[in-house]
Amino acid sequence: MAANETAAQYLTAKAFCMTSAIWFAGATSFGMIAAGYLFAPDFLANIGLIHFGKVRPIHVNLVLFGFVTPGLLAAAFYYFPKLLRTDLYSEKLGVFTAILWNITLPIAIVSLAMGYSQGREYAELPWAVDIMVGVLFLLVIINFVMTIRQRKESILYVSIWYVTAAVVLTASTYLLGNVVWRPDTGALLGIPDAILLWFYGHNVFGLLLTPMGLGVAYYVLPISTRSPLYSHTLSLIGFWSLIVVYTHIGTHHLLQVPVPTWLKTIAIVDSVAMVIPVMVVLINLWYTIRGKLGTIHTDIGAKFVFTGMVYYFFVNIQGSMMALPVVQRVTHFNNWVVAHAHIGVFGFAGLVALGGLYFILPRITGKPLYSKFLADLQYWLVLIGITGFAIVLTIVGLIQGQAWINGETIYRVLPSIQPYFVARAMLGTTIMVGAYIGVYNIFKSLFYNPGATTT
Ligand code: HEM
Ligand code: HEM
């Protein structure tokens, strides 16, 4: 137990909980605008600030840096002191980081809406915002590393390994991938730029969201089932194999681009080898919680995390297949990839982030959730939404992929995919409603919760 469990404690975790909940709602609202354009291109026509080319990167940056990352950080700011048996190095620094985080995001939105985009996927943000993002990660690193330094627990549990690695590696690859030494373009020239961009781009999923998500899963699942971790050795094998393998696979985004063949070969081989770090983690967690699924079902936080880990299994099996050139001939350049992206970033990392929030909320407030019913409702809304997304967008991808192979002209394909885009927008509505319910429930749980004072 950490010392001095007072109301002032966990302020950082609380601030990041609220940050994640609010930006989840904001990000899905922008996603809905983008989805609207895809079935009704004249939708909101002539409003320059929010046409598709601007709304799309706003949506993507907000889900990555507004919703999922802060959500996973909220849980980390809670379990760091717990696992290290000390207080967080500085709650003041943590709250300052959260405030700066919430200043950076609106600046990012306004910049993109006004057209200040560097036009590279996942690296659209202009130079000044890149620097702010770098500073944010630096502040988080200082808080984490200093907490580790003052720890009273000598053993570093694997969640600490994952999260510390995630923020340290992301701080460096973010600045590298955004080519911050060239403020005007934020880019290198030609093919080397594409290689660098996708090295960084894949690291956002592989070295930021994945390890932070696994850190939360490794914390929440054993505690909620009251089971000791099945194997610490497996947890370290999983950690190191992830670091070794995931860092080499970015070029699988460029298999149809004239990059050196050896680079493509490494990317393909390591993409398939990803099955090692993934299965090691899943086997370890499965043996930890085996026979305790009933307990998980009764804990909304653990339920979100468990479901996220099921999606983790699927996204990785799917991803390894998508790295094979023969499969990519059908799946590249179409909505199959968008389905995979939502399965990974939302189905896995997003659900685990929500699980982390709901798991820590009663613990940081000392009271039960404001409404378990609303949390359950949100669970089902987002689960129906993301599962529907996965099915609908995969079908669209297959239609587009087959049409591409058959040399079909694009305008003849559009009518056949339009109904699916209508369905996607309807499913998106359920997710967005779930997100707004989450804002209400999390806000009430934090600030207006008359519940009993139990932990
Ligand atoms: C075994 C692990 C994984 C492998 C081998 C893998 C493989 C791939 C491949 C090959 C692509 C490119 C597809 C194409 O352009 O044709 C891709 C795209 C993508 N992956 Fe994964 N994936 C894995 C796990 C994940 C996870 C865990 C996440 C999220 C946390 C994720 C998020 C994404 C996203 C967002 C894209 C879309 C990138 C874009 O905008 O083009 N992936 N993945
Ligand atoms: C209301 C719910 C949502 C809707 C309607 C929606 C809609 C969209 C749309 C229309 C795109 C652009 C796809 C394209 O260019 O063809 C997109 C991209 C993306 N969205 Fe969402 N989205 C929603 C929720 C989310 C959530 C919650 C996450 C993650 C936590 C997410 C992650 C992404 C990612 C990573 C991409 C980039 C995909 C790629 O480049 O392949 N979305 N979304």
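The values are calculated or read from the model by the stated rules, or taken from the named source; none is laboratory data. Since the model is a prediction, treat every value here as computed from it, not as a measurement. As a convention, Cβ positions derive from the backbone with ideal geometry for all residues, glycine included, and neighbour counts pool all protein chains shown. SASA here: full protein model, heavy atoms, side chains in, ligands and nucleic acids out. Shrake-Rupley method; radii C 1.70, N 1.55, O 1.52, S 1.80 Å.
Points to keep in mind about this one:
- Enumeration of residues in the range 312-327 that are away from ligand 2 (no atom under 16 Å from the Cβ) and hydroxyl-bearing (Ser, Thr, Tyr): Ser320
- Test: residue in the range 157-170 that is outside any helix (DSSP H, G or I), within 26 Å of Gly215 (Cβ to Cβ) and without any contact (Cβ under 8 Å) to a residue 40 or more places away in the chain: no
- Top-ranked residue of the range 99-156 - restricted to ones that are among the aromatic types (Phe, Trp, Tyr) and in a helix (DSSP H, G or I), ranked as nearest to Arg85 (Cα to Cα): Phe144
- Selection from the range 171-182 of residues that are open to solvent by 50 Å² or more (accessible area, probe 1.4 Å) and in contact (Cβ under 8 Å) with a residue 12 or more places away in the chain: Leu175, Leu176
- Matching residues in the range 183-216 - criterion: being surrounded by 24 or more Cβ atoms within 10 Å (Cβ to Cβ), among the hydrophobic types (A, V, I, L, M, F, W, C) and more than 16 Å from ligand 2 (Cβ to nearest atom): Leu214
- Residues located in the range 26-53, provided they are closer than 16 Å to His342 by Cα and of a type outside the set (S, T, N, Q): Ala27, Phe30, Gly31, Met32, Ala34, Ala35
- Of all residue pairs spaced 6 or more apart or on separate chains, those with beta-carbon atoms under 6 Å, a first member in the range 107-122 that is more than 17 Å from Ala34 (Cα to Cα) and within 15 Å of ligand 2 (Cβ to nearest atom) and a second member that is open to solvent by less than 60 Å² (accessible area, probe 1.4 Å) and assigned to a helix (DSSP H, G or I) are Arg120/Leu197.
- Yes/no for Trp286 being within 16 Å of ligand 2 (Cβ to nearest atom), more than 20 Å from Val433 (Cα to Cα) and either open to solvent by less than 30 Å² (accessible area, probe 1.4 Å) or assigned to a helix (DSSP H, G or I) (or both): no
Residues are listed down the side, and each one gets a yes or a no for (1) within 16 Å of ligand 1 (Cβ to nearest atom); (2) under 25 Å from Lys444 (Cβ atoms):
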{"residue": "Ala27", "(1), (2)": "yes, yes"}
{"residue": "Gly31", "(1), (2)": "yes, yes"}
{"residue": "Ile47", "(1), (2)": "no, no"}
{"residue": "Arg56", "(1), (2)": "yes, no"}
{"residue": "Leu73", "(1), (2)": "yes, yes"}
{"residue": "Tyr78", "(1), (2)": "no, yes"}
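The rows are residues; the columns are (1) within 13 Å of ligand 1 (Cβ to nearest atom); (2) modelled with pLDDT of 95 or more.
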| site | (1), (2) |
| --- | --- |
| Ala187 | no, yes |
| Tyr230 | no, yes |
| Thr247 | yes, no |
| Lys264 | yes, yes |
| Val269 | yes, yes |
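- Residue match in the range 306-313 (condition: closer than 25 Å to Phe421 by Cα and at pLDDT below 95): no
- Matching residues, the range 299-313, being within 12 Å of Arg226 (Cβ to Cβ) and surrounded by fewer than 16 Cβ atoms within 10 Å (Cβ to Cβ): none
- Restricting the range 242-253 to residues that are touching a residue at least 24 places away in the same chain (Cβ under 8 Å) and surrounded by fewer than 19 Cβ atoms within 10 Å (Cβ to Cβ) leaves a set whose member that is nearest to Gly319 (Cα to Cα) is Thr247.
- Subset of the range 401-455 [open to solvent by 40 Å² or more (accessible area, probe 1.4 Å) and basic (Lys, Arg)]: Arg412, Lys444
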